[in-house]
Every structure is written in structure tokens, then in C-alpha cells.
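The values are calculated or read from the model by the stated rules, or taken from the named source; none is laboratory data. Predicted model, so just to flag it, every value in this text is computed and none were measured. Here the Cβ positions follow ideal geometry from the backbone for every residue, glycine too, while neighbour counts run over all protein chains shown. Side chains included, ligands, DNA and RNA excluded: accessible areas come from the protein's heavy atoms. Shrake-Rupley method; radii C 1.70, N 1.55, O 1.52, S 1.80 Å.
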Amino acid sequence: MVNKRWGYWLFFAALFLAPFYLTEFRLSLLGKFLCFAIVAVGISLIWGYTGILSLGHGVYFGLGAYCMAMYLKLEASRGHLPDFMEWSGVRELPWFWKPFAHPMVAIAAAIALPTLLAALLSYLTFKNRIKGVYFSLLSQAVVVVFVTLFIGKQEWTGGTNGLTNFSTVFGFSLSSPLTQIVLYWLTTACLALIFVAARRLTSGRLGKVLIAIRDAENRVRFLGFNPTVYKVFVYSLSAAFAGVAGALFVLQVGLISPEMMGIIPSIEMVLWAAVGGRQSLMGAIIGAIVMNTAKSFLSENYPDLWLLLLGALFVVVVLLVPKGLAGIYESLVAVRIKAKRGHEREARVDVS
Amino acid sequence: MFQMNRGKGVRMKPAFMWKLWLLLCVSVFALGGCAASSAVDQAKNENQNDSSSAGKEGDVVKVGILHSLSGTMAISEVSLRDAELMAIEEINASGGLLSKKIEPVVEDGASDWPTFAEKAKKLLQKDQVAAIFGGWTSASRKAMLPVVEQNHGLLWYPVQYEGMESSPNIFYTGATTNQQIVPAVSWLLKNRGKTFFLLGSDYVFPRTANKIIKAQLKAEGGQVVGEEYTPLGHTDYSTIISKIKQVKPAVVFNTLNGDSNVAFFKQLKDAGITPKDVTVMSVSIAEEEIRGIGPDVLAGHLAVWNYFQTTDTPENKAFVQKYKEKYGQDRVTDDPIEAAYTAVHLWAEAVKKAGSFDVDQVKKAAAGLEYKAPEGTVKIDGETQHLWKTVRIGEIQADGQFKELWNSGQPVKPDPYLKSYPWAKGLSE
């Protein structure tokens, strides 16, 4: 355990120091991947710990991102109507856009909206004991609904182009390298905080209940717990994480469109957790970083072949290490413990 | 005891060894990739700092080519990459630019808009390219726009689009609305009838295009009898076709994109509607798409572009011949392919005129620049950075080629915000 904690410290220290050893371009990529890692932590909580497979986290990510993007767009428009509204024939700013002129409202909404939506959805489904694959399908349907809505309401959301072309945040230019470094640190800090919170949560009593729900929900119910409450809580929490990640993503990438909350990105989010090891929070983080690094690296070096290579990488990981990268670490530890135990047993035999 | 331990305890199972190997491979791969590319970046940056004119040192100058080589847009965009590479090859064969060889850096936008932003950033910051040729969808252009503006790069965008944009760092070599949609609507009103049915895929281009068409019809005495949008990739058009049958419009103005066209035109033909009953005017169907949909179902319908493979200029004859020789006799050229090819040559001409690869100087030299492109003479409009282009309306023939029915006679001045049309006042400010 002590070793593990040292590992975590080292990992986050390395992330914090990244601006000193990565180029500006690589740093912006890493910042983006850390946003994805935040989502992956949430996925690991609901899927790895509680057994809820959500294929709709793109929506929560997207909502968080759109909330932030609305603020950025208004700031970039400097009191005028956002450009896409002008050519869509909108004359006045819609009422629900107005509060987003205040950054604090936007940040609060980026967390609150996904959380509320997730709470509503999960309360209705879990209360009626809809679970397993049916829940996964429902979460996909939510994605389709939202993507269609955001594309259809071009005059309010920018349609397929989404929201882009921002200039400043809190008056600081988004294109300046210093702002980007500060945003990167903010992302790292958020990831560290969320990681610590999630670890606290899972190592306590709550974590045990969640795992129990995953393994035998009915037994948990017979023991007098109400699984719905726990499931709604953890699902909403993971949606909140996704919202935070979305807001940070927009700040660094400067772009959000319905495409990014669609079905494929939603499934990709699950893949990160799967590759890293869904039953390990750190595994999910590493999975998100490794998969996305591989994607960037392969597509830069083999523009014609990269999809095949990435697919092969994924197949290899799933076939050979179904517990993900974290599974490899665990079996390594298991071997060492076994060796140690054997060692002790022999020692005991020697004494006797 | 110590020896026994060695023998027994730390023996590993073969399966486990496998996993260990895998972990090693994956981590070496990922970390190595990350560290290596970072190290290479740094090394390159240092080199570039030494020679001060980054990306242009030695006897090569780098340019970026950024199209979707995978994903849904690959089918269209791969041809643009081919045309751009061919143009670069031509320039290199004739001695290069300012006595430097052009070195293309090809990146995959993967039909994914943040990827376009990421790769554009990479091309500008890491490779320090002198220009980027890329994009197809409006969303990909919108994603690249802030990146090229912030890094003060130069993007050449080769596809017709919905207008309402004019970035100081982008040159638009495809048509804007007043060089494609607006003249087509006027022509249809004069030659085919007053009732229009608007059909499009559900995204920005069709929605914006239809807003413009509606304003124009209102001003010029036409009438909209239906307006429908279907999601990208939609394939069931029976309801919409029965609506078309019911209202009997003179014209269906079609802004569908991609696969949907295959389904729509097949079902239209199956429903017994021929080009004689209803004219379908398309703005996204060129020779390349006709090849995919099949000329038999399309024959007799119309499309509006600035270039057809059959356009009769000496430059086009040479261009088509070269393209086919290089990429295969079964390949066809079309408007975006020609615009992509022209973009590279226009950039090269501007560089020659400026005597420099510097973005500001190239921009200054580009204003007013004329070039004999396969589509005829084009001119760069300095104010909007769009091209003056000739508008052409063509009828699709059974062999998959176009027969030109009408052209504007001379290049039309680009007007992306439709400022010169009084009826478009409400559309842009």
C-alpha cells in the first residue's frame, strides 16, 4: 500500500511538472487527455465499482462543455449576437443564453446541468429496476436525442459546427501559452482532486456497498439497503465529473460540437476505462492517457494505417489482459505476494 | 533455504510472462512515442531557432495537407489530397518555389472536428508549415479557423460552402453562395418554374443555404412548398417522396450530402418521378458522387458548380489527362478536386510574386492575383480572400458526365455576406 501511494505522488508530480519538459503542442494534447481521464474516473466508478454500463457519458461531457462554451462565445462576441445566430436569423439573444454571460453561472451550470440530468434519468430508470443492458441502451437513446436536438436547433447551438472561435477567458487570451499552462495545471489539479475524492469514496463503507450492488443487487436490497439511492448518487457523481471534464476540454481545445457528444465518443469513453482496467481508478486514468496518446502518435506517423493499428492495440489488450493495464499490475503484485508468502512458509518450516 | 526460495517462489507462469511482455510493449510504445515525439519536437525547434526561418530552412519548404483519410468523409477528401499532391509534384518538377522543393506533410483529420484543430496546431507549431491545404466540411473549417488565426498560419479551403465567413488567415477557393446557390435559384425561376421543395441533410450548410433560398424566393417571386431535413446517413425517403408527389413542385432543391443521395434518387426513380416531372437541382453532387450513386438514376437531373470534368479549356484537358494518368483511368475530376489543385498553384504563384513564404507578404501578393485554372480564369479577391469564379449549371448524362446548360459567361465576384443583394439584408449584419 505504501508503495502504491508513492506511485500516485510520483504520477501527479510528473503531471504537474509536464510544462517544464513538454513542448507547447504536446502539453496541449496532454491537457486534453487529462480531461478524458477525468471522465474515465467517473466511468470506472459506475462501471467498475457499481456495474452500471453507461454508453451515454458523451451527453454529460457535452453539456458541461456547451455551458462553458456559451460563456466563452458571449465573451468573444463582445456584446454582439454570436455570429451563428446572426446568420440564422435570430435577432435577440435567447433568454437561456443570457445568464451565461457570467462565468460563475457558466461554471456552476457546467457541473449542475449534467448532474441534474443524470439524477433524473437514473432515478426514473433505477427506481423501476431497469438495469444491465437495458440501461445501456437507454443511455444511448439519450445521446441520440441530445445530438439531434443540438443539430436541429442551429440558431441556438450553432448546429453541426458547434461553438468555436473563442478569444478570451476572464479577460486572458486563450491563445497565450501562459494561459494554456495555467489551464493545464487547473486540469491536473481537478484530476488529482477527483481521483482523491473517488478513492476516499471507494475505500470506505460506500465503496463496499457499491461493489455489493455490482455483485448481487438483490442481496443488498434484502439486507435493508436501498440500492437505488446509491446508484443514483454514484451515477450523478460520474456525470458531474464528465461535466467538469467537458468544461476544461472546451477551455483547452477551444471547440465543442454535437459530434463530440455522439455515440462514438461515448463508447470511446468506456473503452478508455476498459483498456486501463475499469476496476481501478488509476487504471482508468492511465487507460485514457495511453489510448489517446496512441491515437495521436499513430495518426501522426501512419496517416493511412493508424485506425488498423489502434484497433489491433485494443483487440490485443482486451484479448490478453481483460482486466486492463491495471490487471497486469495486480497480477505482478500477486506474484510478489505469493513469493513472499512462500518465503515465509518456508521460513516457518525451517523454524519448526 | 535461500536457494530453495529462488527455485520455487519466483517461478512465473507462462501466461503471466505473456502479460508482462505485453505490458512492456504497450508501455514502451506509449511512453516511447510520447517522449520520442517530444524530444524530436524539441530538437527540431532548436534547429529551427538556429536557422531563424523556421520550417523553410535548407532547400525544402513544408506545407501541410489536412484532409479526412479515415471516417465518413474519407470517400470525398482522399481525392483532394491526391490532387494537392499532384500539384505539389508539378511545382517541384518545374524547379520548386524560390529554388526550394515543397515537402508535403500529410495528416489525417479523421472526419473528427477536434482532430482537425489538433492536427492544424501540430502542422503550424511543430512542422511550421508555410501553408495548410485542407478541410471539406464547414465544421472542420470552423475548427481550424481559430487555430490558424492564433498561430498566424495560412489555410486554403477548397470546397463550396455556405458563406458568412471571411477570415484573414483563410483563402476560400470553392464557391460561396452567390457563385452557386443564388444564380442557380434565379436560373430555375426563369427556366423551370416557381414552386420549390427544399430537401437537405440536417447540418449547417443545408440549413443556411435554405434560409438564403427562402429569402431569395420571396424577393424574386418564387414559392416554397415544402422544407425537409433528414439526419446525415438517412436512407428512407418514402414519406418525403410521397409529399413531393402530393405538392408537385417544379423544382426540388437538394442539399443532401453523402449516402443519403443514393437512397433518395433511387427511391425517386422507383416512385416513377422522372426529371421531366420534377427537376432536382443538387449542390453536393459532382462527378465523384455520380460514380458512387450510379449515373442511370441521376441522368437528366441538374447540378450547379464552377467546374465540370467536361469544362472546355486547354488547362482542363491537361489537368484531366494528368490526373487520370497518375491515379487511374477510372478516376474522375470534379469541382472540389479542381479547387484543391488550383489552391496549391495559387499559393505558389502568390509566393513567387511575393518572393517570400511569409504569411503577410503572401497574402498581400495574393490580392488580385489571376490564374488560368482548369475551370477558366480565376482571380483572388483581396478583400474577402475568395475567388472570382464562373458559375456553371449542368445536366447529368448517362455516362456520368455533365452537359453544361448555362454559365455566367464571366467570373462572378465573391460576396460571402451577400451584401449586394437587398433581399439578404436580414441574413447577415
So for the range B:397-416 (the condition being out of contact with any His (no Cβ under 8 Å at 6 or more places or on another chain), of a type in the set (Phe, Trp, Tyr), over 14 Å from B:PHE171 (Cβ atoms) and surrounded by fewer than 20 Cβ atoms within 10 Å (Cβ to Cβ)), does at least one residue qualify?
yes
What are the residue pairs meeting all of these: first residue in the range B:145-170, first residue more than 10 Å from chain A (Cβ to nearest Cβ) and closer than 18 Å to B:TYR421 by Cβ, second residue open to solvent by 10 Å² or more (accessible area, probe 1.4 Å) and β-branched (Val, Ile, Thr), Cβ atoms under 7 Å, and 6 or more apart or on different chains?
B:SER166/B:THR384
Residue in the range B:113-123 that is closer than 18 Å to B:GLU338 by Cα, in a helix (DSSP H, G or I) and among the polar types (S, T, N, Q) present
no
Go through the range B:236-248 and count every residue that is of a type outside the set (A, V, I, L, M, F, W, C), surrounded by 12 or more Cβ atoms within 10 Å (Cβ to Cβ) and part of a helix (DSSP H, G or I).
2
Restricting to the range A:59-91, give me the number of residues that are within 13 Å of chain B (Cβ to nearest Cβ) and not aliphatic (A, V, I, L, M).
13
Have a look at A:GLY254, A:GLY276 and point out the one that is open to solvent by less than 30 Å² (accessible area, probe 1.4 Å) and either of a type in the set (Phe, Trp, Tyr) or at positive phi (or both).
A:GLY254
Just one listed residue, out of A:GLY89, A:GLY64, is assigned to a loop (DSSP other than H, G, I, E, B), in contact with a Leu (Cβ under 8 Å, 6 or more places away or on another chain), in contact (Cβ under 8 Å) with a residue 60 or more places away in the chain and not hydrophobic (A, V, I, L, M, F, W, C), and it is A:GLY89
Which helices (runs of 4 or more DSSP H) does the range A:115-218 wholly contain that include 2 or more residues that are modelled with pLDDT under 90 and open to solvent by less than 40 Å² (accessible area, probe 1.4 Å)?
A:133-152
Within the range B:103-121, residues aliphatic (A, V, I, L, M) and open to solvent by 10 Å² or more (accessible area, probe 1.4 Å) come out as B:VAL105, B:VAL106, B:ALA110
Could you tell me which numbered condition B:ILE102 fails, if it satisfies all but one of (1) touching a strand residue (DSSP E or B) at 6+ places or on another chain (Cβ under 9 Å); (2) within 14 Å of chain A (Cβ to nearest Cβ)?
(2)
Pairs with Cβ under 8 Å, 6+ apart, first in the range B:203-219 and touching a residue at least 40 places away in the same chain (Cβ under 8 Å) and away from chain A (no Cβ under 11 Å), second open to solvent by 10 Å² or more (accessible area, probe 1.4 Å) and in a helix (DSSP H, G or I)
B:GLN216/B:SER186; B:GLN216/B:TRP423; B:LYS218/B:TRP423; B:ALA219/B:PRO422; B:ALA219/B:TRP423
Examine the range A:168-191 for a residue that is more than 14 Å from chain B (Cβ to nearest Cβ) and over 23 Å from A:ALA14 (Cβ atoms), and state whether such a residue exists.
yes
Looking only at the range A:287-303, how many residues end up being touching a Cys at 6+ places or on another chain (Cβ under 6 Å) and among the hydrophobic types (A, V, I, L, M, F, W, C)?
0
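Could you pull out the residue among B:GLU162, B:GLU103 that is of a type outside the set (S, T, N, Q) and in contact with a Ser or Thr (Cβ under 7 Å, 6 or more places away or on another chain)? So that I can check it myself, show each step before the final result.
Numbers: B:GLU103 fails: in contact with a Ser or Thr (Cβ under 7 Å, 6 or more places away or on another chain).
Just a single option satisfies the conditions, and that option is B:GLU162.
Residues checked against (1) in a loop (DSSP other than H, G, I, E, B); (2) outside the structural domain of B:ASP236 (by TED's automatic domain parsing):
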site: B:ILE273; (1), (2): yes, no
site: B:VAL280; (1), (2): no, no
site: B:ILE285; (1), (2): yes, no
site: B:GLU289; (1), (2): no, no
site: B:GLY292; (1), (2): no, no
site: B:VAL332; (1), (2): yes, yes
site: B:PRO336; (1), (2): no, yes
site: B:TYR341; (1), (2): no, yes
